[in-house]
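Read the structure below first, then the notes.
Any read-out appearing in this document is the output of simple, stated calculations on the displayed coordinates, not a laboratory observation. The shown structure was predicted, so the numbers you read here are calculated from the model rather than taken from an experiment. Because the Cβ atoms are built from the backbone with ideal geometry, glycine has one as well, and the counts that use them run over all protein chains shown.
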Amino acid sequence: QVQLVESGGGLVQPGGSLRLSCAASGIAFSIYAMGWYRQAPGKQRELVAGFTRGGSTNYADSVKGRFTISRDNAKNTVYLQMNSLKPEDTAVYYCKADWLQRTYWGQGTQVTVSS
């Protein structure tokens, strides 16, 4: 059974930092393209940061220079380091795994940026 379990969300003040983790099980993690998406209330889900199958990274323009995606294949985990957080970063953050026609999503973790 495939599971993607996100953790690390919470309430943080503007300018603060959080580190999200997504632990995967049931898949050959190293061959999957991994990504982080987010969905704010009333908005569509959008890509925040991701790895391609070739290993390169891409970021949404709104988070470039503030967020960093990384992965540890030995731990089957992908991370999202989020710095200089803004209220507009408030959303549910989801982990996604892609390989060929196989796509899996985590259950999401809430990130709230507020003073």
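A compact table of results
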quantity	calculated
Spin-label model distance (nm) - Ser56 vs Trp99, 7 Å beyond Cα toward Cβ	2.2
Cα-based Rg and Dmax for the chain, where Dmax is the largest Cα-Cα distance (Å)	13.4, 42
Sequence-distant lysines (8 or more away, or on other chains) whose Cα lies within less than 25 Å of Lys64	Lys43, Lys86, Lys96
Listed residues Gly65, Gly54, Gly42, most fluctuating in the chain (Gaussian network, C-alpha, under 10 Å)	Gly42
Sequence-separation-based contact order of region 4-115, relative, with Cα cut under 8 Å and 6+ spacing, percent	38
Relative contact order %, region 32-84, counting alpha carbon pairs below 8 Å whose residues are six or more apart	25
